[in-house]
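Presented below is the structure to which this report refers.
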Amino acid sequence: LRGVNEGGDLQWVVGYPVRSPEGELEGAFVTGWSLRKYALYLEEHAQRELTAKQEDKTKALPLLYVFVVKGAQAFGGPMTPDGNAEAIGELDLPNKAKDGLFKTTLEIDGRRFVVAAKAAKALADDVFVAIMMSPV
């Protein structure tokens, strides 16, 4: 599921019974996302928003990664470096971001990143979305 890099993934899956007008079970509607694919979707959306709001089109956009975090596991898109995902996973977001927006900075391989994370309770009580940005 990850595409380019190796590594695990989790899936978010939802199901709902499909019943006839008489109430008999006829099937199920099931949908879901790979957490890595969802992180990629969010990352691409954030990049489009940054591009649209950029005033000076000659300047490079910041380096941006988005993660979906469950517990101590952070899942980024297929091109996200594993070290970045590990660093996000080590932030203990279930404790630090459970009550609202959590912000911090990280340095990875000599590059400084700003990180912001918030609970994604629409997915689950223990799921968070984190954004990692660094100027280019």
In degrees, nearest ten, helix 35-53 long axis to first principal axis of the chain (Cα): 50
Net charge over other residues, Cβ less than 11 angstrom from the Cβ of Val136 (K, R count +1; D, E count -1): +2
Lys pairs, the range 5-136 - Cα-Cα below 27 angstrom, 8 or more residues apart or on other chains: 21
Coordinate range along principal axes, alpha carbons of the chain, Å, largest first: 62, 35, 32
222 nm mean residue ellipticity, helices alone, for the chain (DSSP H n ≥ 4; -39,500 (n - 2.57); rounded to 500): -7000 deg cm²/dmol
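No value in this document is a laboratory result; all are computed from the given coordinates. Quick caveat: nothing in here was measured; it's all calculated off a predicted structure. Please note: Cβ atoms are built from the backbone with ideal geometry, for glycine as well, and neighbour counts cover all protein chains shown.
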